[in-house]
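The values are calculated or read from the model by the stated rules, or taken from the named source; none is laboratory data. Quantities reported herein were computed from a predicted structural model and do not represent experimental measurements. Here the Cβ positions follow ideal geometry from the backbone for every residue, glycine too, while neighbour counts run over all protein chains shown. The accessibility values were calculated without ligands, DNA or RNA, using every heavy atom of the protein model including side chains. Shrake-Rupley method; radii C 1.70, N 1.55, O 1.52, S 1.80 Å.
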Amino acid sequence: MLRDYLVGDQRVLEIGSGTGQHAVHFAAALPRLIWQTSDREENLPGIRAWLDEAALPNTPTPWELDVAGTWPEATFDAVFSANTLHIMAWSEVQRLFAQLPGITRAGATLIIYGPFNYHGHYSSDSNAAFDQWLQARGAHMAIRDAEAVDALAASAGFALVEDIAMPANNRCRVWRRIHT
Ligand SMILES: C[S@@+](CC[C@H](N)C(=O)[O-])C[C@H]1O[C@@H](n2cnc3c(N)ncnc32)[C@H](O)[C@@H]1O
């Protein structure tokens, strides 16, 4: 799926890279990309360990990036994030989208993977159970409404171009930056 939507030589910012395991997989499979990992400070040693072991030429050292904090001064062709919007507080999700115009070029691609609700409804029983589990762990966490996320994307100048069903009731949602 990333092969289809990250076309050409692209600089990709991954937000909330977690362990860095996804970064190593994607960067190895798509060597024409520069895959810039990032996460909160506490996750950087783990990401570094994955990147060091893989020793790929296209995974620069991870950046400390808490979406609620200071953002880098850089321009990316694409932004990717997996399994993060339901972990971040809604105010952090809002901040993430508000910062996108500052770090992307016109025509940039935004890809977000994870569970989504549609029109206020869970898309599966397993997502309903997952949402209850999330909220028991922290009231700030919740599966987000696709329409609310699309509204944030639109405010940042990004239009939805694809919403692809993925295994285990997840989605891969793709937007393009249409405003300069
Ligand atoms: C469930 S993990 C997903 C990790 C990885 N992307 C994956 O799919 O396996 C959620 C990630 O979001 C990150 N995260 C949570 N709040 C964040 C914030 N405010 N800014 C940046 N990353 C954040 C966490 O540190 C964690 O790495």
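So the values come out like this:
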{"quantity": "Region 45-67, residues that are closer than 21 Å to Ile112 by Cα, out of contact with any Leu (no Cβ under 6 Å at 6 or more places or on another chain) and either part of a helix (DSSP H, G or I) or among the β-branched types (Val, Ile, Thr) (or both)", "calculated": "Ile47"}
{"quantity": "Residues satisfying the stated conditions in region 1-42, i.e. part of a loop (DSSP other than H, G, I, E, B), open to solvent by 20 Å² or more (accessible area, probe 1.4 Å) and over 21 Å from Asn170 (Cβ atoms)", "calculated": "Val7, Gly8, Asp9, Pro31, Arg32, Arg40"}
{"quantity": "Residue pairs meeting the criteria (Cβ under 8 Å; at least 6 apart or on separate chains; first within 10 Å of Thr104 (Cα to Cα), in region 67-83; second near the ligand (Cβ under 10 Å from one of its atoms) and not in a loop (DSSP other than H, G, I, E, B))", "calculated": "Val79/Glu14"}
{"quantity": "Residue within region 74-85 that is open to solvent by 20 Å² or more (accessible area, probe 1.4 Å) and under 23 Å from Arg137 (Cβ atoms) present", "calculated": "yes"}
{"quantity": "Some residue of region 102-111 being touching a Ser or Thr at 6+ places or on another chain (Cβ under 6 Å) and either surrounded by 20 or more Cβ atoms within 10 Å (Cβ to Cβ) or hydroxyl-bearing (Ser, Thr, Tyr) (or both)", "calculated": "no"}
{"quantity": "Subset of region 69-117 [of a type in the set (A, V, I, L, M), closer than 14 Å to Leu152 by Cβ, under 11 Å from the mean Cα position of the chain (by Cα) and more than 8 Å from the ligand (Cβ to nearest atom)]", "calculated": "Val79, Leu85, Val93, Leu110, Ile112"}
{"quantity": "One residue from Pro45, Pro60 being surrounded by fewer than 17 Cβ atoms within 10 Å (Cβ to Cβ) and closer than 25 Å to Gly8 by Cβ", "calculated": "Pro60"}
{"quantity": "Matching residues, region 4-47, being free of Cβ contacts under 8 Å to residues at least 40 places away in the same chain, among the charged types (D, E, K, R) and within 14 Å of the ligand (Cβ to nearest atom)", "calculated": "Asp39, Arg40, Glu41, Glu42"}
